[in-house]
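**Student:** Here's a structure for you.
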Amino acid sequence: MTVNKVYIAGNWKMNLHREESVELLKGLREGKIPSQVEAILCPPFLRLEGAAELLEGSPYKLGAQDVSKYENGAHTGEISASMLKDLGLSYVIVGHSELRGEGQTDEEVSQKVRAALREGLVPIVCLGESEEEYDRGLSLETVARQLEESVLSLSPEEAEKVILAYEPLWAIGTGKNCPPEVAQEVAAHLKGKLKVPVLYGGSVKGNNAGEYLSCQDIDGVLVGGASLKAEEFLTIVEAAL
Ligand code: 13P
């Protein structure tokens, strides 16, 4: 992946019914996306097909929130990378902490990364430490271990195609955002190991996005709650300028 774009990615998580999704997408289409910004929307699986239709001809790119590690076949409830590709998706979030918290391991994350890459999807791989690890000064060590096991265990050609997202667990959905200098330090540490774009995620809003986007080694943001409102998401996009 090249490190010359600003990535603004919205992770809708398990939110928005059909009508709400349509309303948000219409609002987003009214906004202006500058050419240097890669605006990525990651709705729930059920909203993807409708979103693909509504976003046709717009600069927005679509991503999924997860992908199966399997290629196809008897895997009830799973969605394969080729199904996502078939809908015209470009990205997929892999290894979000909310899924790691449900038992997803680094090994599975690496299998999902490989499954996504096989179909030409760009995996946005999430890494982040717990509050306890943060308090004990173990942030760099934790993300380095996750990077090693979930991405660097792949071939260098595969690894260099991913995007990384540093999402400290204690900053997600808490309103307690990570000091930008800490996020910068972690991003620099990750880039020292793998030269790919690094995003920050965790309580990013319109009024604080600029603090992260102005950090030297942060190439974008991964936004949860604030991506559910068109105006707020577009304010974050503006902060990239
Ligand atoms: P919030 O922006 O709601 O804290 O969520 C961040 C996140 O988990 C994005 O993937």
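The values are calculated or read from the model by the stated rules, or taken from the named source; none is laboratory data. As the structure is a computational prediction, the values presented were derived from the model and not from experiment. Here the Cβ positions follow ideal geometry from the backbone for every residue, glycine too, while neighbour counts run over all protein chains shown. Heavy atoms of the whole protein, side chains included, go into the accessibility calculation; ligands, DNA and RNA do not. Shrake-Rupley method; radii C 1.70, N 1.55, O 1.52, S 1.80 Å.
**Student:** Round to the nearest 0.05 the FRET efficiency obtained for Glu71 and Thr174 when R0 = 35 Å and r is the Cβ-Cβ distance.
**Tutor:** 0.40
**Student:** Between the range 183-219 and the range 12-67, what is the separation of their alpha carbon centroids in Å?
**Tutor:** Computed from Cα coordinates, the inter-centre distance equals 23 Å.
**Student:** Relative contact order for the chain: what is it in percent, counting Cα pairs under 8 Å that are at least 6 residues apart?
**Tutor:** Computed over the chain, the figure is 22 percent.
**Student:** Ignoring any ligand, DNA or RNA, what whole percent of the accessible area of the chain comes from carbon and sulfur when the probe is 1.4 angstrom? Don't skip to the answer; put the middle values down first.
**Tutor:** On the way: 5310 of 11160 Å².
In the chain, the share of accessible area belonging to carbon and sulfur is 48 percent.
**Student:** Skipping prolines and chain starts, which residues have an amide H placed within reach, meaning under 5 Å, of the one on Gly224, given they are 5 or more residues away or on another chain?
**Tutor:** Long-range HN contacts for Gly224: Asn11, Gly202, Ser203, Val204.
**Student:** Karplus couplings for the range 131-137 from phi (6.51 cos²θ - 1.76 cosθ + 1.60, θ = phi - 60°), rounded to Hz, Gly and Pro as x?
**Tutor:** 4, 5, 5, 4, 4, 8, x
**Student:** If you average the sequence gap of Cα pairs under 8 Å that are 6 or more apart and divide by the length of the range 44-187, what percent do you get for the contact order?
**Tutor:** For the range 44-187, the relative contact order is 21 percent.
**Student:** Next question. Quick one: what does P(r) look like for the range 145-191 with 10 Å bins over all Cα pairs, in whole %?
**Tutor:** Spelled out bin by bin, the range 145-191 gives 22, 46, 26, 5 percent.
**Student:** Calculate, for the range 37-188, the solvent-accessible area per residue in square angstrom, rolling a 1.4 angstrom probe over the heavy atoms of the protein chains.
**Tutor:** Here the per-residue accessible area is 44 Å².
**Student:** How large is ³J(HN,Hα), in whole Hz, for each residue of the range 154-163 in order, when computed from phi with the Karplus curve 6.51 cos²θ - 1.76 cosθ + 1.60 and θ = phi - 60°, using x for Gly and Pro?
**Tutor:** Karplus-based 3J(HN,Hα) across the range 154-163 equals 8, 6, x, 5, 6, 4, 6, 9, 9, 10 Hz.
**Student:** Set the bar at 20 Å for Cα to Cα. Now go through Lys32/Lys229; Lys205/Lys229; Lys5/Lys112; Lys161/Lys193 and name every pair that lies beyond it.
**Tutor:** With Cα atoms farther than 20 Å apart: Lys5/Lys112.
**Student:** What are the residues whose amide H is under 5 Å from the amide H of Glu38, where those residues sit 5 or more places off or on another chain and H is modelled from the backbone?
**Tutor:** It is Val6, Tyr7, Ile8, by chain and number.
**Student:** Taking 51 Å as R0, compute the FRET efficiency from the Cβ-Cβ separation of Asn207 and Glu108 and round it to 0.05.
**Tutor:** Approximately 0.90, to the nearest 0.05.
**Student:** Run the Debye formula on the Cα coordinates of the chain, all scatterers equal and no solvent, and tell me log10 I(q)/I(0) at q = 0.08, 0.09, 0.17, 0.18 1/Å.
**Tutor:** -0.26, -0.33, -1.30, -1.47
**Student:** Quick check for me: using +1 on Lys/Arg Cβ and -1 on Asp/Glu Cβ, what's the dipole size of the range 134-241 about its Cα centre, in debye to the nearest 20? Intermediate results must be reported in sequence, preceding the final value.
**Tutor:** Values: 9 positive and 16 negative charges, 28 e Å.
The dipole of the range 134-241 has a size of about 140 debye.
**Student:** Which net charge results when you count Lys and Arg as +1 and Asp and Glu as -1 among the other residues whose beta-carbon is under 11 Å from that of Glu148?
**Tutor:** Summing Lys and Arg as +1 and Asp and Glu as -1 gives -1.
**Student:** Please get the size of the charge dipole for the chain, origin at its Cα centre, with Cβ charges of +1 on Lys and Arg and -1 on Asp and Glu, quoted in debye to the nearest 20.
**Tutor:** 500
**Student:** What FRET efficiency comes out for Glu149 versus Glu49 if R0 is 22 angstrom and r is the Cβ-Cβ distance? Round to the nearest 0.05. Before the final figure, lay out each step's value.
**Tutor:** Values: r = 34 Å, r/R0 = 1.53.
Efficiency at R0 = 22 Å is approximately 0.05.
**Student:** Then there's this: Please state the relative contact order of the range 110-241 as a whole percent: Cα pairs under 8 Å, 6+ residues apart?
**Tutor:** RCO, the range 110-241: 21 percent.
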